[in-house]
1. Bin by bin, in steps of 5 Å, what percent of the Cα pairs in segment 51-195 do you find, going until the bin that has the longest distance?
2. For LYS99, go through the aspartates and glutamates and keep the ones whose alpha-carbon is under 14 Å away, minus same-chain ones fewer than eight residues off.
3. Label points 7 Å out from Cα along the Cβ direction at ARG31 and THR126: separation in nm?
4. What whole-number value in cubic angstrom gives the convex hull volume per residue for the C-alpha atoms of segment 74-129?
5. With a 1.4 Å probe and every protein chain kept in, tell me what percent of the accessible surface of segment 58-132 is carbon plus sulfur.
Amino acid sequence: MKKTLVLILAIAIAYKANAQVQFGVKAGYNRTTLNYSGPGINTLGPKSDFNAGAFVSIPIFNSFFLQPELQYSGQGAGYTDSIPESNYNNYLNIPVLFKYQHSSGLFAETGPQIGVLLSAQVKTDTQSFDSKSGMASTDFSWDFGLGYKIPVVNLGIDIRYNLGLTNVFTSNYYTGSANNSVFQIDLFYQFRKLL
């Protein structure tokens, strides 16, 4: 029994010593819109914005990692012929991703994300107004991503799609429902071992 406990303790200590828990920062480009279901149109126009944040990469086993993040994300939608206005919706997103990292530097990731609405504004050619009261305060989505990290310098690129699962319209301003749709391209830097 004692030998078994010593063996388990030795394995735990060895794992802790070799674990590469890392902290990283990232920033990049958002191509975002709202998938709209309602009279006349199916999707609002696309809009360009940016995102920035930080993450922690926690090894689980072999090449698999758990990666929680904290990210500012500018989202919304742009002009269309049917709806001549832009939606500027800013979120604090918290994705928790399950990631597979290959030794070559390539990786794939997926997982849930919750977004907290920070602000919302509608702009037309002539005016703008606060629309936060007509938006859902939280947004749930599922993230899918691929990327590459240069092992020697810990720099990399992350390409991700966020599929919104929540109807973000809560007022009668729009007669239909809409879900966030966000395509992201980020550059990131991952610092050396944190723990």
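The values are calculated or read from the model by the stated rules, or taken from the named source; none is laboratory data. What you see is a predicted model, and the numbers here were worked out from it, not measured in a lab. Here the Cβ is made from the backbone with ideal geometry for all residues, glycine too, and neighbour counts use every protein chain on show. The accessibility values were calculated without ligands, DNA or RNA, using every heavy atom of the protein model including side chains. Shrake-Rupley method; radii C 1.70, N 1.55, O 1.52, S 1.80 Å.
1. 2, 9, 17, 21, 15, 12, 9, 7, 5, 3, 1, 0
2. Counting by Cα, and skipping residues close in sequence, LYS99 has these aspartates and glutamates nearby: GLU69, GLU109, ASP143, ASP158.
3. Placing both labels 7 Å beyond Cα along the Cβ direction yields 3.3 nm.
4. 121 Å³
5. On the way: 2220 of 3570 Å².
Answer for segment 58-132: carbon and sulfur cover 62 percent of the accessible area.
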